[in-house]
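Down below is the structure, laid out as structure tokens.
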Amino acid sequence: MKTFYENPLIERYSSKEVLKIFSADNKFQTWRKLWVALAEAEKELGLNISQEQIDELRSKIEDIDYELAAQKEKELRHDVMAHVHTYGAQCPKAKGIIHLGATSAYVGDNTDIIVYTQGLLHVRKLLINLISHLSHFALDYKDLPTLGFTHFQPAQLTTVGKRSCLWIQDLLMDLSDLDHLIDNVKLRGVKGTTGTQASFMELFEGDHEKVKQVDKLVAQKMGFKKTFGVTGQTYPRKFDAQVLAVLSSIAQSLSKFATDIRLLQNLKEVEEPFEKTQIGSSAMAYKRNPMRTERICSLARYIIVDALNPAITASSQWFERTLDDSANKRISIPEGFLATDAIILIAMNVSENLLVYDKVIRQRIDSELPFMATENIIMEGVKRGGDRQELHEKIRVLSMEAGHTVKVEGKPNDLMERIVNDPAFNLKASDIESLLDPSLYIGRAPEQVVDFVAEEVKPVLDANQDLLDVNKVDLKV
């Protein structure tokens, strides 16, 4: 038994993929890649750096002596310089040109942007697959009528598939925001201690064009199109706020999805998957608690609140920088990604295995449809010689009486029987039955599903075929 705190996001919820992205090893390897990119750019622009030195640096990118790095950090009390010395000890020929002209933010901030971008791309891959799963569900159930709710009160009918398109549409909006953010990511680049590039002006003997070029070259070598035009010591913390805003938006969408499933599970119409040996309650053996969707809502709430962290940080930075961002962002941003990874994976598991109970759904429709069919019944009664206003009043009175029967006496809805027994309508039971086909009351719901998937979902999935069907992950659920 471990006797110290463990982060549940790591131990219980998040995938190995996202944990690797935010691992120390990925961070420190990225530092070394940035040092190599800087040395290459400086060499190309005329500084006295040899290919042999660069080759030596490149050969040790993944071979990090963490024991030495820990010893150096204890000695120097500076994580970046500890790794500069460690890299230099492993690359003696290149020791003198590592980190040349750079400040700590060169590796720290650029690495954060690179790692967050990797995280965003990971989230995007999962989101595409979740949209795919839900679109299959929508098409499978596009024709199945179900009672719609407004204010969680019975409203007009919709279909199970149409309702799921509401979830997909939210996620497509999130995907659009995510794509915009990814497409516009910029590195901090090579900016120096307060963003003025003064140290690089010294290195390149006042050559402004070479200083501009070293900034561009490093970005290109690291796979980015642009750098921020101006910075302080750090990249603008607005970027962190934008990242968490997108993750929060995804969390909002999935919390809504999960809440709908929880409500439907209470109604016994749709359920999340439930394993044969799963226990719903330690006391009430019959229970089938919606624990997966409850977990989505729980973690989503954490992400939504967590988005305040970088927002407050961005609003409270002083001039070129303060260090009250560092400790906070080490926790808030990785955990935002870890929790988002978890809720999308759980949602994928739920959406692949949703249980739909069509007989329960039909039973609920039958209890409410008589009220919804009254307008059609009035029109049919008019066709048979009735007076529209008189029939409308009779329907109103009979509906109140039937409602009393259902609510007060606890008996089935007998509105149709009352209408058949009233000669003013001139309708037989068989006439009424033909008016109670649920498919008459779902409007264009099936067609809307088909159109929506074809016009808005399919183009997205077609453009991302290479991301579909990610390997299944043990969700620990």
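The values are calculated or read from the model by the stated rules, or taken from the named source; none is laboratory data. Remember, it's a predicted structure, so these values are computed and weren't measured experimentally. Backbone-built Cβ (ideal geometry, glycine too); neighbour counts: all protein chains shown.
Assorted remarks:
- Some residue of the stretch 126-144 being in a helix (DSSP H, G or I), of a type in the set (Asp, Glu) and out of contact with any strand residue (DSSP E or B) (no Cβ under 9 Å at 6 or more places or on another chain): no
- Of the residues making up the stretch 168-206, those that are more than 30 Å from residue 136 (Cα to Cα) and not in a loop (DSSP other than H, G, I, E, B) number 7.
- Any hit, the stretch 44-56, residues being in contact (Cβ under 8 Å) with a residue 40 or more places away in the chain, surrounded by 15 or more Cβ atoms within 10 Å (Cβ to Cβ) and of a type in the set (Val, Ile, Thr): yes
- Being in contact with a Leu (Cβ under 9 Å, 6 or more places away or on another chain), at pLDDT 95 or above and either at negative phi or outside any helix (DSSP H, G or I) (or both) holds for only one residue in 402, 347, and it is 347.
- Number of the exception - residue 56 against (1) under 30 Å from residue 213 (Cβ atoms); (2) in a helix (DSSP H, G or I); (3) in contact with a helix residue (DSSP H, G or I) (Cβ under 8 Å, 6 or more places away or on another chain): (3)
- Some residue of the stretch 62-69 being outside the structural domain of residue 323 (by TED's automatic domain parsing) and closer than 30 Å to residue 320 by Cα: yes
- Within the stretch 208-227, tally of residues that are aliphatic (A, V, I, L, M), over 16 Å from residue 30 (Cα atoms) and touching a residue at least 40 places away in the same chain (Cβ under 8 Å): 2
- Cβ-Cβ under 7 Å pairs, at least 6 apart or on other chains, the stretch 231-252 side within 17 Å of residue 323 (Cα to Cα), far side modelled with pLDDT under 95 and not in a loop (DSSP other than H, G, I, E, B): 237/325
- Number of positions in the stretch 1-24 that are among the acidic types (Asp, Glu) and surrounded by 14 or more Cβ atoms within 10 Å (Cβ to Cβ): 1
- Options 289, 266: the member that is part of a loop (DSSP other than H, G, I, E, B) and either at pLDDT 95 or above or not small (Gly, Ala, Ser) (or both): 289
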